[in-house]
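Worksheet for the structure shown next.
The values are calculated or read from the model by the stated rules, or taken from the named source; none is laboratory data. Computed from a prediction, not measured in an experiment: that's the story for all the values here. All Cβ positions, even for glycine, are placed from backbone atoms using ideal geometry, and neighbour counts span all protein chains on display. Just the protein is used for accessible areas: all its heavy atoms, side chains included, with ligands, DNA and RNA removed. Shrake-Rupley method; radii C 1.70, N 1.55, O 1.52, S 1.80 Å.
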Amino acid sequence: MTAGELFGLAACAVCAAALGAVVKRSSREHALLLAAVTAVLLLLAALEGADPLLRELEGLSAAFPGECFPVMLKAVGITIAGQLAAQLCKDAGESALAYAVELAAKAAVLAAAFPLLLQLFDTIGEILRL
């Protein structure tokens with residue numbers, strides 16, 4: 001992603017925030033919906049801009065066989081989705097829901113990483129048996 005693309009995304013976010021502030025005066029629900037749609041569209045644009053980075057990571061993944069890179073990418077994706085959803089809940093004034101989403105995202109990251117943790121324990125066990 002270039003600096004120009006980043007500034008374009010930032011300008012879009014600021015415009016949506018300003019529009020959301022105007023809309024919020026008459027309808028908080030519509031302002032939240034505007035924020036959610038804008039956030040998802042900006043996230044998709046950012047992911048599209050990060051395509052070269054993802055291709056490099058795929059190349060590294062091929063060079064180092066194993067589950068580390070796929071698990072790392074899953075964890076990053078889960079974290080981004082969880083943070084976005086939690087922030088939208090906070091913006092809606094639902095901090096308990098935001099906490100639940102954050103907790104669920106953490107549990108999902110642990111579940112995604114659990115096979116690697118088992119492999120690590122197996123390797124440590126083999127080393128200790130030597």
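Here are some notes:
- In region 39-56, the residues that are touching a residue at least 40 places away in the same chain (Cβ under 8 Å) reach residues that are of a type in the set (S, T, N, Q) and not in a helix (DSSP H, G or I) with C-beta atoms within less than 9 angstrom, at least six apart or across chains, in these pairs: Gly49/Thr2.
- Candidate set: region 1-18, residues that are in contact with a helix residue (DSSP H, G or I) (Cβ under 7 Å, 6 or more places away or on another chain) and open to solvent by 90 Å² or more (accessible area, probe 1.4 Å); chosen: the one farthest from Ala81 (Cα to Cα): Glu5
- So Ala39, is it within 22 Å of Gln83 (Cα to Cα), under 20 Å from the mean Cα position of the chain (by Cα), surrounded by 10 or more Cβ atoms within 10 Å (Cβ to Cβ) and small (Gly, Ala, Ser): yes
- Looking across region 85-118, just one residue is over 18 Å from Ala35 (Cβ atoms) and in contact with a Lys or Arg (Cβ under 6 Å, 6 or more places away or on another chain), and that is Ala112.
- Residue list for region 3-38, restricted to those being β-branched (Val, Ile, Thr) and touching a residue at least 12 places away in the same chain (Cβ under 8 Å): Thr38
- Taken together, the residues in region 88-115 that are crowded, with 16+ Cβ neighbours inside 10 Å and either in a helix (DSSP H, G or I) or at pLDDT 90 or above (or both) amount to 11.
- So Leu120, is it without any contact (Cβ under 8 Å) to a residue 12 or more places away in the chain, open to solvent by less than 100 Å² (accessible area, probe 1.4 Å) and not small (Gly, Ala, Ser): yes
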